[in-house]
Amino acid sequence: MPQQSVLERIRKEGVIRVGFQRHTPPFSYCSQTPFVPLGYSVDLLREVLAGIARRHGIERCEIYPVEVTSSTRLGLLENGSIDIECGSTTITPERENTNRFSRPIFFTAHRILVKDAAMTGAGQAKTPMTVVGIQDSTSHAAIMAGPTVGHDYRFSGCANIASAFERFCQDEQVDAMVADEVILKALMLNAAMADVQLLPQRLGSEPYGFMIRLDDAPFQAEVDAELARLMAAPAFDTLYASWFTGLLPDMGFNLDIPLTGDMRDQLNAA
């Protein structure tokens, strides 16, 4: 039986259960207990829900955060434990077979982060490399399909981004890590790693979106309408800059990823 639309639940209960990740700055992250995430995706959703509430005369729409990982987010959405997942989830045709997605909120590409010890004197990565990443992720698929990587590798899968980065940092047998560029840059800066480098190759293009249950077209339409309004407004530039060109709260570093004309065009053309 189809579940009640999230919009109707908000009307009746005044609460929405939202899946956020803990280790994906600047989209959603948290370094404390209890789990109170912050980030670009968190702020975007807060603005979207405020707009939906104004348009429908809803007096209360409280966000109840639920911690998810790349391994648990799909199941928690499908079984109703969360009403929407907001973080850095890539929109893919395969995922669209089982879930809905909002219009894109960000675009990035996959990159490979390599330890300096795995580089040769000629500035090339040694071959073969042992590369960690999230098992069955879009980054995994990109490196499997990518002749542009330019060298041989052995992929070793992990359950989530936190465990992949932990292995990259602690396992001497691991040479590199593959993930979305913006996530890799944040992890590298947060760990203050001076003995690593990003290979120049960019693999594929990754649109991120909010993930919504497949049977909830009305809620998807509401979310998309508010995202379109927000991204076309001057205030969006300030919201974006606070997470991509300013110091990240609780982290103290700057990603230095400005809102380019190409990014703006992609977001507004969706």
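We did not get these values from a lab; they are worked out from the coordinates using the rules stated. If you're wondering where the values come from, they're calculated on a predicted model, not measured in any experiment. Glycine also receives a Cβ, built like all others from the backbone with ideal geometry; neighbour counts cover every protein chain displayed.
For segment 31-126, trypsin sites (Lys or Arg not before Pro) are listed when DSSP marks them as loop and at most 10 other Cβ atoms sit within 10 Å of their Cβ; the list is Arg60. Taking a sphere under 14 Å around the Cβ of Leu259 and counting the other residues whose Cβ falls inside, with K and R at +1 and D and E at -1, yields a net charge of -3. Over what distance in Å are the Cα centres of segment 1-37 and segment 99-135 separated? Each part reduced to its Cα centre gives a spacing of 29 Å. Fully extending the segment from Ala192 to Asn268, taken as 0.36 nm per residue of separation minus the present Cα-Cα distance, adds 23.9 nm. Its DSSP H runs of at least 4 residues, each contributing -39,500 (n - 2.57), put the calculated 222 nm mean residue ellipticity of the chain at -10500 deg cm²/dmol, to the nearest 500.
Translational diffusion coefficient, Stokes-Einstein: compute it for segment 46-98 using the Kirkwood radius over C-alpha pairs as Rh, at 4 °C and 1.567 mPa s, and state it as an integer in µm² s⁻¹. If you can, show how the numbers build up before the last one.
Values: Rh = 13.0 Å.
Estimated diffusion coefficient is 100 µm²/s.
Extension gain, Ala50-Gln170: 0.36 nm per intervening residue step, less the Cα-Cα distance, totals 38.9 nm.
A Stokes-Einstein calculation at 4 °C with viscosity 1.567 mPa s, built on the Kirkwood radius of the chain over Cα pairs, returns a diffusion coefficient of 67 µm²/s.
How high is the FRET efficiency from Ala109 to Ala228, r the C-beta distance, R0 30 Å, rounded to 0.05?
0.80
Mean projection of the alpha-carbon convex hull of segment 223-270 over all orientations, in nm²? Mean shadow area of the hull around the Cα atoms is 3.7 nm².
Here the calculated FRET efficiency for Tyr64 and Thr260, from their Cβ-Cβ distance with R0 = 41 Å, stands at 0.75, rounded to the nearest 0.05. Take the Cα of Met251, step 7 Å toward its Cβ, do the same at Asp215, and the gap between the two points is 3.7 nm.
Would you mind counting up the charge near Arg202? Only other residues with Cβ under 14 Å from its Cβ, with Lys and Arg at +1 and Asp and Glu at -1. It would help to have the intermediate numbers written out before the result.
Details: positive: Arg111, Lys185; negative: Asp180, Glu181, Glu206, Asp262.
Net of charged neighbours comes to -2.
Summing charges over neighbours of Glu181, with a neighbour being any other residue whose Cβ is under 15 Å away from its Cβ, gives -1 when K and R count +1 and D and E count -1. Note on the chain: GNM, Cα springs under 10 Å; of Leu74, Leu199, Leu45, the largest mean-square fluctuation is that of Leu199. Between the Cα long axis of helix 40-56 and the first principal axis of the chain there is an angle of about 10°, rounded to the nearest 10.
Backbone N atoms of segment 104-146 closer than 17 Å to the 7 Å Cα→Cβ label point of Glu78 belong to residues 136-138. The ranking of Ile58, Ile16 by Cβ neighbour count inside 10 Å, starting from the fewest, reads Ile58, Ile16. Within segment 109-205, DSSP assigns beta bridges of which about 55% are antiparallel (rounded to the nearest 5). Projected onto its three principal axes, the C-alpha set of segment 109-205 covers 32, 30, 22 Å, listed from the longest axis down. The magnitude of the dipole of the chain, with charges of +1 and -1 set on the Cβ of Lys/Arg and Asp/Glu and taken from the Cα centre, is near 260 debye. Is segment 173-237 best put as rounded, prolate or oblate by its Cα gyration tensor, with a ≥ b ≥ c the root eigenvalues, rounded for a/c under 1.5, and otherwise prolate when a/b is larger than b/c, oblate when not? Because a/c hits 1.5 or more and a/b exceeds b/c, segment 173-237 counts as prolate.
The angle separating the long axis of helix 217-231 from the principal Cα axis of greatest extent in the chain is about 70 degrees. Ranking Gln124, Ala192, Gln135 by how far each Cα lies toward the positive end of the dipole of segment 109-205 (charges on Cβ) leaves Gln124 at the top.
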